[in-house]
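Single-structure report; data block below.
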Amino acid sequence: MNNEQPLTKDHMAANIDHVRSIIAESALGVGRAPEEITLVAVSKTMPVELVQMAYNLGVTDFGENRVQEALPKIAAFHAQELRWHMIGHLQSNKAGKVVSPFYRVQSVDSLHLAQSLSRHAGEQEKRLSVLLQVNVSGEASKEGMALAETSELARQIVVLPHLQVDGLMTIAPLVEDPEQVRPVFRALRLLREQLRTELAQCSWQHLSMGMTDDYRIAIEEGATIVRIGRAIFGERRKK
C-alpha cells in the first residue's frame with residue numbers, strides 16, 4: 001500500500017521528548033511553568049497499539065474526533081490515569097455515548113449540545129467537564145460558537161446542573177506562518193478574561209489551543225492544553 005515505516009517506540013519517544021521540550025521552552029520564554037500545560041496526543045485514525053505505546057512513554061491524555069472510532073479504542077485500552085478527550089464535532093444524538101467513557105468534551109459548540117450532555121450526565125450520575133468551542137476566526141469551515149455569541153451562550157450553559165465548564169477551545173486557521181494565528185489565540189485569552197469577570201462561578205481555567213504547526217505561539221498566548229497529533233504519531237493514517 002505505501003512505503004511508510006512503522007513507528008518504533010524509540011522514534012515515538014524522541015517525538016514526545018521533542019514536543020515536551022518545545023512546550024517547556026515556549027512556556028519558560030514567557031515566564032510560565034511547563035507544568036501548567038497539558039499535552040493531549042491526538043490519536044484519531046491511529047491504532048490502539050500506538051495509544052498504548054504513547055501511554056507507556058508517559059502520555060496520559062488522548063484526543064479523539066469521532067465517537068464511533070474512539071469507543072472501540074477506549075474499550076480495548078483503559079489504564080488508571082488515562083484520560084480521553086472528545087475534540088471533534090459532536091452531534092447531540094451521540095451525546096449519551098460520550099458522557100461515561102470521556103474525561104472531557106472539548107467541543108461544546110451549542111446550547112442544544114450542552115443541554116443533551118447535561119441530561120445524559122445526570123442520568124449517569126456524573127458531572128462532565130466541558131470546554132466551549134469558539135470559532136474565533138469566523139471561518140465557515142470551522143465548528144464553534146461565534147465570538148460575539150459566546151458570552152450569552154456561556155451564561156446559559158454554566159447553569160446546567162451536570163456540566164462543569166472548565167474553559168474554552170478553538171481551532172486556528174491553517175496558515176503558512178504560525179505568527180499569523182497569534183491574534184486568534186490572543187482573542188480567545190481575552191474572551192476568557194471577560195468570562196472570568198462576567199461568570200465568576202466557573203474557573204475558566206483552560207484554554208485548549210495550538211496544534212503541531214502552531215503550539216509554540218499558542219503557549220506564548222496562554223494555552224493550558226495543546227492538541228498534538230502529527231508531531232507525535234506522524235502523518236495521519238488514511239481510513
Exercise. Which helices, taking whole DSSP H runs in the chain, have alpha carbons extending 15 angstrom or more along the helix axis plus mean Kyte-Doolittle at least -1.0?
Worked result: 9-29, 111-123, 182-198
Exercise. Any idea what the relative contact order of the range 1-110 is, in percent, if you count C-alpha pairs under 8 Å spaced at least 6 apart?
Worked result: 19
For this session: In whole angstrom, note down how far apart the Cα centers of the range 1-75 and the range 181-239 are.
Result: 16
Exercise. Per the Cauchy relation, a quarter of the hull surface: what is the mean projected area of the convex hull of the alpha carbons in the chain, in nm²?
Worked result: 13.3
Problem set entry | Share, in percent, of DSSP beta bridges within the chain that are antiparallel, nearest 5 | 0
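Share of the range 159-216's accessible area from carbon and sulfur, percent, 1.4 Å? Before the final figure, lay out the partial values.
Details: 1470 of 2830 Å².
C and S fraction of accessible area: 52 percent.
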Seminar exercise, completed: In the range 47-88 the accessible area split gives carbon plus sulfur, as whole percent at 1.4 Å, a share of 49
Exercise. How many nm separate the modelled label positions at Leu174 and Val48, each set 7 Å beyond the Cα in the direction of the Cβ?
Worked result: 3.1
Exercise. If you look at just the Cα atoms of the range 5-147, how large are its Rg and its Dmax in Å?
Worked result: 16.6, 46
Exercise. Can you give the extra length, in nm with one decimal, that the chain gains between Glu152 and Glu123 once fully stretched, where that is 0.36 nm per residue apart less the Cα-Cα distance?
Worked result: 7.8 nm
Exercise. Between Arg83 and Gln201, how many nm apart are label points set 7 Å from Cα along the C-beta direction?
Worked result: 2.4
For this session: Could you calculate the contour length gain from Ser141 to Ala187, that is, 0.36 nm times the residue separation minus the distance between their Cα atoms, to one decimal place in nm?
Result: 14.7 nm
Exercise. Top mean-square fluctuation among Leu188, Leu153, Leu132, Gaussian network model of the chain, C-alpha springs under 10 Å?
Worked result: Leu153
For this session: State in Å² the accessible area per residue of the range 38-83; use a 1.4 Å probe, count heavy atoms of protein chains only, and round to the nearest integer.
Result: 43
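The values are calculated or read from the model by the stated rules, or taken from the named source; none is laboratory data. What you are looking at is a predicted structure, and each value in this text was computed from that prediction instead of being measured. Reconstructed Cβ throughout: ideal geometry from the backbone, glycine too, with neighbour counts over all protein chains shown. To get the accessible areas, we keep the full protein, side chains included, count just its heavy atoms, and leave off ligands, DNA and RNA. Shrake-Rupley method; radii C 1.70, N 1.55, O 1.52, S 1.80 Å.
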